[in-house]
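Contents: one structure, followed by commentary.
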Amino acid sequence: MVQIMTYLIENEMAALIIPSHFIAQMHPHFREVMQVLAIQAADEARHIDIFTRRALLNRDRLGVSAVAGQVSLKTLIDEPNFAIASFLLSVLGEGSFLSLLWFINKYAPDPITEAVARLAAQDEARHVAFGLAHLRQHAKRDPGVRAQLAAAVRRRHDVLRHTAGLNAEVFDAMLLLAAGSWNTDALRQGHQRVMDLTRDMDQGRKSRLLRLGFSVAEAAELSSLHTRNFM
Ligand SMILES: [Fe+2]
Ligand SMILES: [Fe+2]
């Protein structure tokens, strides 16, 4: 749990920085958008707080962070274009995180973890919904934006091509969580459940991409190129 929470905290940190950064650049005329982003940033601050408390419940040190995950998150933080950043973060990243949070909720070893994963997933669902609604509207007014979004996914994939993807410590922790014990058969089942999770994430990304007007082939390609770090 400590390692999984450490991973979540790291990702939530990026999700807090990105909307905060855009609020500071926005024209005050777009006050509703500012409100949504401010609430989103506040949600992420709560997620960081609660996941840190859960991680440090029984010990005083967090788990490990890996370079691959940091590089992946940095590509999000460095993205200056709002449409591209919200596409990569909210539609693809937080969309994948919805599956992850429901996975943690399902296999949680204690009621607190179960509850915090469920409550965070409810918040993330709003962030994903806003990202999708915003980009659907954007694509309706400017159909060329879809090509820009697709190019951004391919570019990010190229930048991350030589990184390891998901931290092995996190993968093992998720496997053990889903297994529920160190028993060999349980571990095999845990592995299967993590594979099911990645398939579920892929399905979710593809269905959101279709809702933004991408073709079935484009949705499959772009989902497969999404960072293996999930966010
Ligand atoms: Fe969050
Ligand atoms: Fe979020």
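The values are calculated or read from the model by the stated rules, or taken from the named source; none is laboratory data. Given the structure is predicted, the values throughout are model-derived calculations rather than measurements. All Cβ positions, even for glycine, are placed from backbone atoms using ideal geometry, and neighbour counts span all protein chains on display. For the accessible areas, the whole protein counts, side chains as well, though only heavy atoms, and no ligand, DNA or RNA atoms are used. Shrake-Rupley method; radii C 1.70, N 1.55, O 1.52, S 1.80 Å.
Structural remarks
- Scanning segment 97-118 for residues that are touching a residue at least 40 places away in the same chain (Cβ under 8 Å) and under 16 Å from ALA15 (Cα atoms) returns PHE97, LEU98, LEU100.
- The one condition in (1) of a type outside the set (Phe, Trp, Tyr); (2) in a helix (DSSP H, G or I); (3) within 13 Å of LEU8 (Cα to Cα) that SER65 fails to fulfil: (2)
- Residues of segment 140-186 that are surrounded by 17 or more Cβ atoms within 10 Å (Cβ to Cβ), among the hydrophobic types (A, V, I, L, M, F, W, C) and over 26 Å from GLU10 (Cα atoms): VAL145 alone.
- All of (1) surrounded by 15 or more Cβ atoms within 10 Å (Cβ to Cβ); (2) in a helix (DSSP H, G or I) hold for GLN203 with one exception: (1).
- Whenever a residue of segment 44-71 is among the acidic types (Asp, Glu), its partners that are open to solvent by less than 30 Å² (accessible area, probe 1.4 Å), lying with C-beta atoms within less than 7 angstrom and at least six residues away or across chains, give the pairs GLU44/GLU12; GLU44/ALA15.
- Residue that is nearest to THR6 (Cα to Cα), among those in segment 186-231 that are out of contact with any His (no Cβ under 7 Å at 6 or more places or on another chain) and among the basic types (Lys, Arg): ARG228
- Pairs meeting the criteria (first residue in segment 128-152 and within 16 Å of ligand 2 (Cβ to nearest atom) and in a helix (DSSP H, G or I), second residue acidic (Asp, Glu) and open to solvent by less than 40 Å² (accessible area, probe 1.4 Å), beta carbons under 7 Å, at least 6 apart or on different chains) are VAL128/GLU94.
- Flag for ALA120 being modelled with pLDDT of 95 or more and either closer than 16 Å to SER96 by Cα or among the aliphatic types (A, V, I, L, M) (or both): yes
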